[in-house]
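First comes the structure, then the notes that go with it.
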Amino acid sequence: MIEYRLKKCLGLMLVLALLVMACPMVALAATTEISIPDASADPGDTVTIPINITDVTNLGAATIWLNYDSSVVEVTAVVPGDLSGVGSTPLAIANAAGELRMNFIHMLAPPGPGGDPVFVNVSLKAVGIVGETSVLDLDVKTLAGADFVNIVHTTVDGVFTVGVPETIKPTVTGAPTGSIEPINTVVTATFSEPMDQASAEGAFSISPAVAYNPFSWVGNVMTFTPTSNLDYNTKYTATVAATAKDVVGNSMARAKSWSFTTIKAPYLVVTKTVNPGTIEVNGSGIPPEISTVTLTVTGAGDPTGGPLTSVVVTDVLPDYINLERTSFSSPPTTDTVIAGVTTLTWNVGTIGVGTTWTVTFDISSDDCGKVLANDDTLSDVTYDDVTTTSVTVLFPATYLIVGCPEDDVSCVTPPGGDAEMSIQHISLSGEEFVQNQEIEATVSVGNSGGKKGSKTVALYVNGVLEASDSVTVGPGSGQNVLFRFSRAVPGTYTVSVEGREAQFTVLGMGPPQAAPAPPMAVAGLGGGLGTGGIVAIIVVIVALGIGLVVILRRE
């Protein structure tokens with residue numbers, strides 16, 4: 001009796017042991033899931049959805065492709081999800097082939113991430129017609145743990161449907177609307193939904209009329225940028241007519257207008273003269289003739305705006321000009337000479353409306369035949385307006401003809417007479433810009449002749465005409481022409497005007513990089529069990545089975 005009970009208990013224990021040892025085999029069933037939800041969008045609209053990885057442990061590498069019908073839907077953007085902080089997620093969008101290729105490599109020490117992370121967020125744009133559908137087919141090329149073991153998984157595909165076009169009419173909110181707006185303000189129209197940009201731009205107007213650069217867009221925001229500063233103390237009214245349409249053709253229900261008034265603040269008027277405008281270099285050791293430079297800065301505008309502060313005057317003289325340093329009517333704050341180029345600065349401080357600051361000093365030249373162009377981009381006046389915004393005003397270009405002495409037959413006196421128009425320099429408001437950021441190009445036009453002249457300035461970007469403007473310049477003076485534009489595509493661009501060039505760079509994420517090869521996965525089952533573990537389990541099960549057979553035979 002005791003022997004029977006003992007055998008029975010031993011048999012039950014063997015069965016329980018078999019069940020326990022079989023549990024890891026049950027755990028080997030695939031629990032990790034790669035999925036993308038269903039989505040829909042109206043024609044022309046974009047929707048963003050996640051690609052999810054559910055119930056994963058110790059993730060080390062993943063290569064996942066998304067296949068779709070590019071005549072129905074296109075991928076417009078991909079943003080790394082929850083894994084961006086622990087690894088690299090290179091990607092490549094190939095809409096022509098209907099493929100989105102994504103990779104993940106765990107970059108930190110094991111273990112890899114786990115849980116239910118969002119792999120990436122995908123923005124999908126409906127390009128088909130209403131009712132068309134496309135399967136969002138997930139193709140998992142590689143899914144491995146940080147221990148190089150394949151992870152068993154399932155996939156759940158989605159379906160993208162082009163929905164019924166909406167009939168909601170767009171609305172718009174305008175800015176600015178204040179009463180003390182700066183004169184360099186831009187006007188924005190923020191629409192309630194994506195717009196047909198050409199119709200929105202054609203529906204925009206502003207009164208009084210203002211010359212402007214091409215419109216720029218960021219999302220649903222349209223920006224109107226004047227080519228030059230607005231007038232002080234002036235009311236402007238902007239209007240978007242009802243002809244503005246959204247991307248599916250819905251027009252606005254009614255026109256929208258808003259107004260703003262520019263600030264009454266004062267401003268500075270700067271002048272620079274060289275008198276006389278023609279001097280000679282005397283021969284036989286006789287000192288050259290002297291010309292007097294006069295710099296004048298005057299506060300103008302509405303006196304209720306208050307004074308202008310932090311006024312700094314800078315003038316730069318070329319290396320072939322001699323400065324008579326004993327002639328200053330007011331000594332400069334700094335006087336530096338680098339490679340023969342002299343830079344003078346005066347820290348003026350505060351200038352109120354109706355107040356004039358002036359300084360004079362003498363110059364000469366030993367170089368006959370030279371024409372002095374006092375138009376260096378560093379010859380300017382900077383100040384803070386009443387909104388504490390820093391403003392820079394360039395001195396107009398001024399010229400000095402340096403004639404020849406009678407006894408120097410090798411010297412050629414520069415000609416006078418008709419207008420002599422030329423591009424002096426081109427400068428940009430910076431060297432690096434983000435996508436769609438406004439870029440300012442200032443072109444200085446000079447007239448070294450004896451008569452007033454006009455010139456058309458054509459600005460090219462990478463050899464393509466961007467904009468043009470005409471300017472009239474008096475004899476022996478100069479004038480600046482300001483262009484504003486932007487670029488959406490990252491890269492390096494060259495701005496040129498008649499041989500004068502400047503470069504800028506538009507920053508961006510850059511082109512997709514090739515994905516590094518995922519770690520080599522070891523053939524075997526997922527869940528952390530390697531080949532050795534599986535063999536050990538089989539050996540134990542066989543041994544217990546043999547023991548059970550022996551016991552049953554003895555009965």
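The values are calculated or read from the model by the stated rules, or taken from the named source; none is laboratory data. The shown structure was predicted, so the numbers you read here are calculated from the model rather than taken from an experiment. Because the Cβ atoms are built from the backbone with ideal geometry, glycine has one as well, and the counts that use them run over all protein chains shown.
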Yes or no: SER199 under 26 Å from the mean Cα position of the chain (by Cα) and of a type outside the set (A, V, I, L, M)? yes
Quick check, is SER70 crowded, with 16+ Cβ neighbours inside 10 Å and either on the phi > 0 side of the Ramachandran plot or not in a strand (DSSP E or B) (or both)? yes
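LYS125: closer than 30 Å to ILE206 by Cα and surrounded by 14 or more Cβ atoms within 10 Å (Cβ to Cβ), yes or no?
No.
Okay, residues lined up against (1) touching a strand residue (DSSP E or B) at 6+ places or on another chain (Cβ under 8 Å); (2) assigned by TED's automatic domain parsing to the domain that holds GLY301; (3) closer than 16 Å to THR171 by Cα:
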residue: SER192; (1), (2), (3): yes, no, yes
residue: SER205; (1), (2), (3): yes, no, no
residue: ALA211; (1), (2), (3): yes, no, no
residue: GLY219; (1), (2), (3): no, no, yes
residue: PHE224; (1), (2), (3): yes, no, no
residue: THR234; (1), (2), (3): yes, no, no
residue: VAL247; (1), (2), (3): yes, no, yes
residue: SER251; (1), (2), (3): yes, no, yes
Tell me, yes or no, whether the range 75-92 has at least one residue that is more than 28 Å from the chain's Cα centre (by Cα) and either modelled with pLDDT under 90 or assigned to a loop (DSSP other than H, G, I, E, B) (or both). no
Search result, residues across the range 235-263 that are part of a loop (DSSP other than H, G, I, E, B) and not aliphatic (A, V, I, L, M): THR243, GLY249, ASN250, ARG254
Checking VAL187, VAL159, VAL164 in turn, the sole residue that is out of contact with any Ser or Thr (no Cβ under 6 Å at 6 or more places or on another chain) and either at pLDDT below 95 or of a type in the set (Ser, Thr, Tyr) (or both) turns out to be VAL164
Set ILE338, ILE351: member being more than 30 Å from ILE180 (Cβ to Cβ) and in the same structural domain as PRO288 (by TED's automatic domain parsing): ILE338
